[in-house]
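All remarks here apply to the structure that follows.
The values are calculated or read from the model by the stated rules, or taken from the named source; none is laboratory data. Because the structure is a prediction, the values reported are computed rather than measured. So basically every Cβ, Gly included, is an ideal-geometry build from the backbone, and we count neighbours across all protein chains shown. In case anyone asks, the SASA skips ligands and DNA or RNA and just uses the protein heavy atoms, side chains included. Shrake-Rupley method; radii C 1.70, N 1.55, O 1.52, S 1.80 Å.
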Amino acid sequence: MSTDTIAKAATYLTFTLAEEQYAVDVTKAREVLEFTTITKVPRTPNFMRGVINLRGSVVPVCDLRLKFGLGATEKTIDTRIVVMEIKVNKETAVLGALADSVQEVIELEKSQIEPPPRIGMSIDTQFIRGMGKRNEQFIIILDIDEVFSEEELAGMRESPTETHE
């Protein structure tokens, strides 16, 4: 995705994964939760940590570190669950994403965002909206709608009460 799709200043929620700064469009983030008990669901992808009860709703929780090949998120005092609303093929889903810590809400001007790096044909960067630069630090801006495939989301929506035999 090019920076042409980012018209002017945009607001982002920033968080860390494996000591790197990431950001998502603040309109995608519903809320930030402290780490809570996650109920494991059998036969889900390895990055799916399970589900949480959010005011009576079942919300799947994924580990973005595992999804990006960075190793599992370890629970610390700063670990948070960022509840987001994502779209895949015009369908909306709510999911929680583990973050090592949540930083702040920032605004970046178009001039502060560069296109994702072209690393080669074997590296998939379609889920990176751009590279933000703030105070001499890079921030990887995620296009959270592109991080998960339709098949992965279908696996997340399976009811934890279903029996798989």
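Exactly one residue out of GLY155, GLY132 is at pLDDT below 90, touching a strand residue (DSSP E or B) at 6+ places or on another chain (Cβ under 8 Å) and not in a loop (DSSP other than H, G, I, E, B), and it is GLY155. Applying the condition of being more than 19 Å from THR27 (Cα to Cα) and either open to solvent by less than 60 Å² (accessible area, probe 1.4 Å) or assigned to a strand (DSSP E or B) (or both) to the stretch 68-100 and asking which residue is modelled with the lowest pLDDT yields PHE68. Remark: pairs (first residue in the stretch 130-159, within 21 Å of GLU85 (Cβ to Cβ) and of a type in the set (Gly, Ala, Ser); second residue surrounded by 12 or more Cβ atoms within 10 Å (Cβ to Cβ) and at pLDDT 85 or above; Cβ separation under 8 Å; 6+ apart in sequence or on different chains) = GLY130/ILE113; GLY130/GLU114; GLY130/PRO115; GLY130/ILE141; GLY155/THR44; GLY155/PRO45; GLY155/MET48; SER159/VAL58.
Identify, please: which residue in the stretch 69-91 is hydroxyl-bearing (Ser, Thr, Tyr) and out of contact with any Lys or Arg (no Cβ under 6 Å at 6 or more places or on another chain) and is, among those, nearest to ASP145 (Cα to Cα)? The extreme case among them is THR79. Filtering the stretch 18-35 to residues that are under 19 Å from VAL147 (Cα atoms) and assigned to a loop (DSSP other than H, G, I, E, B) leaves only ALA18.
Taken together, the residues in the stretch 49-67 that are open to solvent by 70 Å² or more (accessible area, probe 1.4 Å) and on the phi < 0 side of the Ramachandran plot amount to 2. Pairs are defined by a Cβ separation below 8 Å, a sequence spacing of at least 6 or placement on different chains, a first member in the stretch 52-68 that is over 22 Å from VAL147 (Cα atoms), and a second member that is open to solvent by less than 60 Å² (accessible area, probe 1.4 Å); the pairs so defined are ASN53/VAL59; LEU54/LEU33; LEU54/VAL83; LEU54/GLY96; SER57/VAL94. Given the structure, is ALA9 open to solvent by less than 50 Å² (accessible area, probe 1.4 Å) and within 20 Å of THR73 (Cα to Cα)? So ALA9 fails the test.
Only a single criterion out of (1) under 16 Å from PHE148 (Cα atoms); (2) surrounded by 18 or more Cβ atoms within 10 Å (Cβ to Cβ) is not satisfied by ILE38, namely (1). Any residue in the stretch 35-48 that is touching a His at 6+ places or on another chain (Cβ under 8 Å) and of a type outside the set (Ser, Thr, Tyr)? Checking the stretch 35-48: at least one residue is touching a His at 6+ places or on another chain (Cβ under 8 Å) and of a type outside the set (Ser, Thr, Tyr).
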